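What follows is one structure encoded as C-alpha cells, with my remarks underneath.
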Amino acid sequence: MIRNAFAVLAGYIVGSSINMALIQLNMQKLYPPAEGIDVSDPAQFNSYIATLPGAAFLVILAAHLAQSFVGAWIAARLGTSHTMILAMSIGVLSLAGGIMAMTMIEGPAWLMIELPLYLVVAWAAGNIELKRRATLT
C-alpha cells in the first residue's frame, strides 16, 4: 500500500516535470512573451495568451497529455497492485489541474477537448502496463 502511494507520488512528480518542461520550452524558446510582459501578473499573462498562435496551444495540449500519460504509466509501473487505479489516479489529478487552469487562464475554447483526454491517456498508460505484466506471467 505504501509503495502504491509512492508510485502515485512519483508518477505525479515526473508527469508534472515533463509538463512544465514543455510549457517552459513553449514560453521561453518557441513563443516567448513580448518584452516587458510580466507573466506572473494574471492580466498580463492572459494578454500574452491571447497573442499566441494555434500551434502554441498544440504544444500546451501535448504537455498536458504527456503529464497524464507518462505520470499514469510510471504510477502503474511502480505500483505493486491495482494497476489501473494507480494510472487513473494520475488521470484524475491531471484532470483536476486542467480544470483549475482553464478557470484561471483564458485559452481558446477548443482546448477544452483535452479535459476528457486526460482520462483516456491515463487509461491507455494503465492498459499498456497491464499488458506488459500479462506477458511476464
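The values are calculated or read from the model by the stated rules, or taken from the named source; none is laboratory data. Just so it is clear, the model here is predicted, and its values are computed rather than measured. Reconstructed Cβ throughout: ideal geometry from the backbone, glycine too, with neighbour counts over all protein chains shown. The protein model used for the area step is the full one, side chains on, heavy atoms only, and it has no ligands, DNA or RNA in it. Shrake-Rupley method; radii C 1.70, N 1.55, O 1.52, S 1.80 Å.
Observations on the model:
- For the pair region 1-26 / region 82-116, the C-alpha centres are spaced 14 Å from each other.
- Among the trypsin sites (Lys or Arg not before Pro) found in region 80-137, not one is both in a DSSP coil and sparsely packed, with 12 or fewer other Cβ atoms within 10 Å of its Cβ.
- When the Cα positions of 28, 50, 89 are compared along the charge dipole of the chain, 89 comes out farthest toward the positive end, with charges on each C-beta of Lys, Arg, Asp and Glu.
- Taking all protein chains into account, the per residue accessible area for region 59-137 stands at 52 Å² (1.4 Å probe).
- On Cα atoms only, tilt of 42-51 relative to the major axis of the chain in degrees: 90 degrees
- Inter-label distance, residue 20 to residue 115: 2.6 nm, where each label sits 7 Å from its Cα along the C-beta direction.
- Neighbour net charge for residue 74 - beta-carbon separation under 14 angstrom, K R +1, D E -1: +2
- Surrounding net charge for residue 52, when Lys and Arg each add one and Asp and Glu each subtract one, Cβ distance under 15 Å: 0
- On Cα atoms only, tilt of 2-25 relative to the major axis of the chain in degrees: 30 degrees
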